[in-house]
1. Give the residue from SER586, THR457, PHE472 lying farthest towards the positive end of the charge dipole for segment 446-586; charges sit on Cβ (+1 for Lys and Arg, -1 for Asp and Glu) and the dipole is referred to the Cα centre.
2. If you put +1 on each Lys and Arg Cβ and -1 on each Asp and Glu Cβ, how big is the dipole of segment 409-538 around its Cα centre, in Debye rounded to 20?
3. So how tilted is helix 276-292 from the main axis of the chain? Cα-based, degrees 0 to 90, rounded to 10.
4. Distances over 13 Å make up what percent of all Cα-Cα pairs in segment 210-256?
5. Please list, in chain and number order, the residues 5+ apart from HIS165 or on another chain whose amide H is under 5 Å from its amide H, with Hs placed from the backbone.
6. Segment 482-529 to segment 1-71: how many Å between their Cα centroids?
7. From the C-alpha coordinates alone, can you work out the Kirkwood hydrodynamic radius of segment 100-171, in Å?
8. List the relative contact order of segment 513-620 as a percent without decimals, with contacts defined as Cα pairs under 8 Å and 6+ residues apart.
Amino acid sequence: MELTRIGDVDIAGIVSQKTYTASPAAWEDQVFYFLLVDRFSDGKESGYRDNNGEIVSGNGTPPFSLEHAGNISREVWAANGHGWQGGNIKGLTGKLGYLQRMGITALWVSPIFRQVAFAETYHGYGIQNFLSIDPHFGTEEDLVELVKTAHAMGMYVVLDIILNHTGNVFSYNPDRYHTVSQDGASYHDPRWDGKRYEVAGFNDASGKPTIPFCSGGTDRVKEAVFPVDLQDPETFTCKGRIDNWDYDPEFREGDFCDLKDVHHGYGPADDYKPSNALKVLTEVYKYWIALADVDGFRIDTVKHMDIGATRYFATAMHEFAQTLGKERFFLIGEITGGRTRAFDTLETTGLDAALGIDEIPDKLEYLVKGYRNPSDYFDLFRNSILVNKESHTWFRDKVVTVFDDHDQVRKGRWKARFCAKEEGWKVILNVLALNALTLGIPCVYYGSEQSFNGYATEERDGNDLFLRESMFGGAYGALESSGYHFFNDQSKAYVEFAKILKIRKAELALRRGRQYLREISGDGINFGLPKMFGTEIRSVVPWSRILDRQEIVVAINTDYGEALTVWVSVDDNLHRAGSTFSCIYSTESKQIGSKVSVAPLNGKAVQITVPAAGCVMYKAE
């Protein structure tokens with residue numbers, strides 16, 4: 001029987017019949033993979049290796065190869081990208097082997113709860129029923145099986161959740177802000193001005209406001225909003241859409257476009273009075289932890305919530321999870337607005353980490369492509385000013401780092417995946433390596449390992465859909481293709497990245513060590529940090545990870561055409577002249593196992609060669 005109200009949920013009964021998976025010792029040891037369920041796998045592919053490593057044969061969707069790129073016109077392909085594509089939880093469960101063999105240890109799964117019926121919110125952020133899985137994605141049993149299978153394979157599962165808003169579950173009856181559309185039609189535009197709007201009614205399955213806007217307005221679980229406890233009109237702020245995304249309180253009280261803002265309560269963080277709606281949603285998400293044994297939540301649009309509401313929720317989730325033996329239940333906040341806001345929010349609310357979606361992706365992408373100073377990226381982790389300490393503090397476990405994602409708010413309307421521009425496909429491995437081998441908790445956006453290259457050709461095209469190609473092919477496959485899947489564990493980027501992640505797993509210094517951007521020299525005399533000349537940098541960019549007395553030097557080459565040989569400074573106190581570093585990884589395989597000697601230059605230094613557009617790792621012996 002489908003749950004309709006929070007009182008129907010017997011969390012204690014569920015807990016009494018289950019055992020739960022403990023949290024990892026350290027989240028910075030993990031490598032995340034973020035995917036949109038609708039765009040990942042429909043379970044109908046053939047010619048890929050299953051979770052046991054066996055080739056799946058049959059008449060399903062065949063594998064992609066380069067001759068299939070552009071097998072459909074861009075116009076038709078782009079039109080196909082709107083709406084539901086057919087990916088589901090069972091399909092994801094069947095591809096865990098693909099992710100495990102790459103070295104992924106944690107999944108960030110897009111929201112899977114029931115969406116409003118009349119809007120194709122395939123991305124999952126337009127929730128209508130918080131107590132139910134959307135049938136496009138599967139069932140509660142499918143979610144339980146996904147998490148169980150992931151745990152058996154040594155992987156953790158973090159669900160993407162929403163507290164800030166519901167889907168478009170009601171319609172306004174606006175009485176102000178007369179607007180004329182481009183086609184000449186006139187209408188009222190309910191945008192935020194600090195006052196409530198009259199509501200016409202909850203929306204039915206066709207999107208019409210035919211349901212009374214009142215407590216218990218309907219018991220039809222596919223309409224209005226559920227659990228039914230949320231049908232109280234006081235659940236919503238009802239102040240119209242956000243127009244100024246940086247004005248407080250507008251960005252906290254307003255609707256996120258047509259997604260309806262939830263009223264969480266009031267008061268300062270230390271004395272916050274949670275609303276009934278926030279209490280209900282807190283119980284809802286306890287239920288999903290209890291039922292599915294998930295290991296954490298990524299919380300959407302934290303900037304748009306009261307600090308007190310976020311703290312209330314974070315405290316409740318951590319305490320409940322601890323009763324299940326999940327001592328480090330992981331809460332990642334999507335906190336836009338820069339590092340200072342993110343740091344302050346973490347410190348005040350008790351969230352575990354922020355999603356690095358502002359400065360980090362920009363510096364990651366364009367450092368690798370040769371258009372940012374390396375110090376611009378590495379200095380992001382030296383936050384002594386933020387913590388008011390004289391020395392640096394290393395935020396190795398406080399930020400989840402990405403270079404591509406499903407929104408790319410940093411690029412405005414000119415959205416493009418990493419491989420779409422500046423011949424990014426040539427250096428996709430380097431950005432994967434830089435992300436995985438520097439501070440923070442690395443996260444790979446689905447398809448990056450297969451060089452997905454979606455992009456907007458005109459400003460009017462700047463839709464998120466170009467970042468959301470279907471991994472399983474279908475009508476909207478990547479590289480402007482149709483009918484071919486991308487689960488290729490023999491592609492160069494996949495194979496090499498798997499090698500890098502295997503080394504990362506074996507070397508504690510690469511996961512938890514301190515981090516230093518290193519000086520370089522061409523002649524062994526004049527040393528300095530690598531930097532741009534004019535508008536570009538074509539250079540070796542090296543850094544060290546140091547843990548206790550172990551140092552590993554990692555370097556990438558931002559010159560696409562030439563191998564470069566440079567001297568690289570290493571720790572003066574850890575090494576003596578004549579000691580050696582051994583190459584434990586190189587994109588030029590014949591380098592692996594070679595040794596370089598420490599010379600008394602600029603303190604201490606080693607001379608290394610980095611292949612064109614390549615990556616190397618040297619470990620002190």
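Where a number appears in this text, it was derived from the coordinates with a stated rule and is not lab data. Computed from a prediction, not measured in an experiment: that's the story for all the values here. Note that we place each Cβ from the backbone using ideal geometry, even for glycine, and neighbour counts take in every protein chain shown.
1. Projecting each Cα onto the dipole axis, the largest value belongs to SER586.
2. In total the dipole reaches around 580 debye.
3. Tilt relative to the chain: about 60 degrees.
4. Looking at segment 210-256, the distances longer than 13 Å represent 59 percent of pairs.
5. HN-HN under 5 Å from HIS165: VAL262.
6. Between the Cα centres of segment 482-529 and segment 1-71 lies a distance of 26 Å.
7. 13.3 Å
8. 29 percent
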